[in-house]
Amino acid sequence: MITGTITAKHGHKNILIEKSQYLIEYARLKPGCVSYHVYRSTENKDFLLRVDHWNTEVLEVNMQTEHFNVFCVAIEDIIIEKIGTGIYSADKML
C-alpha cells in the first residue's frame, strides 16, 4: 500500500485535483492495481492524501512509470513541497 501526501499552494487545489484525475484513471487500468483513491482533508482544504493498493509484484514498477513522472512535473509549480510518500505492508484481517 502506498500513501502520498500533497499540499497545493493556496488557490491551486482544484488544478491539483484535475491533474490527479489523469493519474488516477491511468493507474486504475494498470495490471496489479487493487485500488487507487485521493482524499481531501477536512482540516486543510489544500491537502490531499493518495492511498493506492497494488499487488506486491508491481508496486515499485508503478512508482516509476512515465505517467507518474509526468504528473510530478505537471504539479511541481502548484504544490508547496515535494510529494510525501510512504510504502506499507499490510495484511487484511477480515
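The values are calculated or read from the model by the stated rules, or taken from the named source; none is laboratory data. Not measured: the values here are computed from a predicted model. Neighbour counts are summed over all protein chains in view; Cβ atoms, including those assigned to glycine, are modelled from backbone coordinates with ideal geometry. When the accessible area is computed, the model is the full protein with side chains, heavy atoms only, and any ligands, DNA or RNA have been set aside. Shrake-Rupley method; radii C 1.70, N 1.55, O 1.52, S 1.80 Å.
At-a-glance table
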{"item": "Filter result (in a helix (DSSP H, G or I), under 18 Å from residue 87 (Cβ atoms) and open to solvent by 50 Å² or more (accessible area, probe 1.4 Å)) within region 1-59", "result": "56, 57"}
{"item": "Residue in region 60-73 that is open to solvent by less than 70 Å² (accessible area, probe 1.4 Å) and touching a His at 6+ places or on another chain (Cβ under 8 Å) present", "result": "no"}
{"item": "Residue within region 21-38 that is in contact with a Gly (Cβ under 9 Å, 6 or more places away or on another chain) and among the β-branched types (Val, Ile, Thr) present", "result": "yes"}
